[in-house]
Amino acid sequence: MAKQRQLVGQAKFQVPGGSATPAPPVGTSLGKFGVNLGQFVSQFNERTREYNGIPIPVVVSVYSDRTFEFITKSPPASALLKIAAGIAKGSGVPNKDKVGKVTSAQVEEICKKKMDVLNSSDIPAAKRMVEGTARSMGIIVEG
């Protein structure tokens, strides 16, 4: 009879796509489970190479035999908005200082990328959510 793998734990963290290292947050999150960090890092970097530095949320499931499986999610809306607006970071005082602009078409494109994880059933509702994120970052949505 085959030995069954039993789930030992899960770890959730964000790592820059294509450039993960065994340093924190990967090492601190997975080290306590005894996972081979080099193996995780190489698999993660291979799977997220096209994101090239954009933070990617990942959920890692670790099993009793020290094997693991991981699920990568789409980048946060804030990271996609920063790229679209061409800024390094959002405003510290978003209601006074505006730091960038995005078009309505760019917001819609972000919505299409994130539709599977957003808490909405249609594009207009998703658009309002992403526009709210933009406003809270000090980014103006035009059009």
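The values are calculated or read from the model by the stated rules, or taken from the named source; none is laboratory data. For clarity, every value in this text was computed on a predicted model and none was experimentally measured. A quick note on method: Cβ atoms are made from the backbone with ideal geometry, for glycine too, and the neighbour counts reach across all protein chains shown.
Considering each of Ala125, Ala88 in turn, give the residue that is farther than 17 Å from Ser74 by Cα, modelled with pLDDT under 90, in a helix (DSSP H, G or I) and of a type outside the set (Asp, Glu).
Answer to the selection: Ala125.
Got at least one residue in the stretch 23-42 being over 24 Å from Gly90 (Cα atoms), in contact with a Ser or Thr (Cβ under 6 Å, 6 or more places away or on another chain) and not assigned by TED's automatic domain parsing to the domain that holds Thr133?
No, because not a single residue in the stretch 23-42 is over 24 Å from Gly90 (Cα atoms), in contact with a Ser or Thr (Cβ under 6 Å, 6 or more places away or on another chain) and not assigned by TED's automatic domain parsing to the domain that holds Thr133.
In the stretch 4-21, which residues are over 18 Å from the mean Cα position of the chain (by Cα) and free of Cβ contacts under 8 Å to residues at least 60 places away in the same chain?
Gln4, Gln6, Leu7, Val8, Gly9 - these are the residues of the stretch 4-21 that are over 18 Å from the mean Cα position of the chain (by Cα) and free of Cβ contacts under 8 Å to residues at least 60 places away in the same chain.
Looking at this structure, is Ala20 under 30 Å from Glu109 (Cβ atoms), not basic (Lys, Arg) and not in a helix (DSSP H, G or I)?
yes
Could we say that Val60 is assigned by TED's automatic domain parsing to the domain that holds Thr48 and not in a loop (DSSP other than H, G, I, E, B) here?
yes
Which residues, counting only those in the stretch 94-117, are in a loop (DSSP other than H, G, I, E, B), under 18 Å from Ala79 (Cα atoms) and without any contact (Cβ under 8 Å) to a residue 24 or more places away in the chain?
Scanning the stretch 94-117 gives a single hit, Met115.
Could you please find all residues in the stretch 1-20 being of a type outside the set (Phe, Trp, Tyr), at pLDDT 85 or above and within 21 Å of Arg49 (Cβ to Cβ)?
Gln14, Val15, Pro16, Gly17
Which residue out of Gly86, Gly38, Gly53 is touching a Pro at 6+ places or on another chain (Cβ under 6 Å) and surrounded by fewer than 18 Cβ atoms within 10 Å (Cβ to Cβ)?
Gly53
Which one is modelled with the highest pLDDT, of the residues in the stretch 94-122 that are over 12 Å from Lys82 (Cα atoms) and hydrophobic (A, V, I, L, M, F, W, C)?
Ala105
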